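The next block holds one structure in the form of structure tokens; read it before the comments.
Values quoted throughout were computed directly from the atomic coordinates according to the rules given, and no laboratory measurement underlies them. Note that this is a predicted model, so its numbers are computed, not measured. Cβ coordinates were reconstructed from backbone atoms using ideal geometry, including for glycine residues, and neighbour counts include every protein chain displayed.
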Amino acid sequence: MHCTWLARVPEEAKERTVAALATLPELRLCVSTTGESNLLVSVWARSPSDLLRLERLLGDRLPWLSLVDSVVMLRTLKRFGWVIDARGRSTGEVVEPVIIGDEPASA
């Protein structure tokens, strides 16, 4: 399962927030954004309860971080061209990108 949080962090706390998030093994992406939320954080979790554990951990360790919105994807059928099974493991099948002109198109 994949979750992306849009968060708000005081500018003076951004560096220590990113350093703390970087210690999470589940972290896949952390980028600075503009607008109401100024941080995007993506994690992989094994289950909904694991995701809740991560949210509680963030609340306990980073009380200045405010989650503005979240997106949860329960199942991914394909990752970077690899077809994956119900357990999230590669089937060995790769979907090749479709080439149109000189630019690869997303599959």
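What range in the chain is the longest one free of chymotrypsin sites (Phe, Trp or Tyr not before Pro) that are in a loop by DSSP and have at most 16 other Cβ atoms within 10 angstrom?
1-63
Rounded to the nearest 500 deg cm²/dmol, what is the calculated helix-only ellipticity per residue at 222 nm for the chain, with -39500 (n - 2.57) per DSSP H run of length n ≥ 4? Intermediate results must be reported in sequence, preceding the final value.
Working: 2 runs with 22 residues, N = 107.
So the helix-based figure for the chain works out to -6000 deg cm²/dmol.
Test of understanding: express the Cα radius of gyration of the chain as a ratio to 2.2 N^0.38 Å, with N the residue count.
Against the empirical 2.2 N^0.38 Å value, I get 1.28 for the chain.
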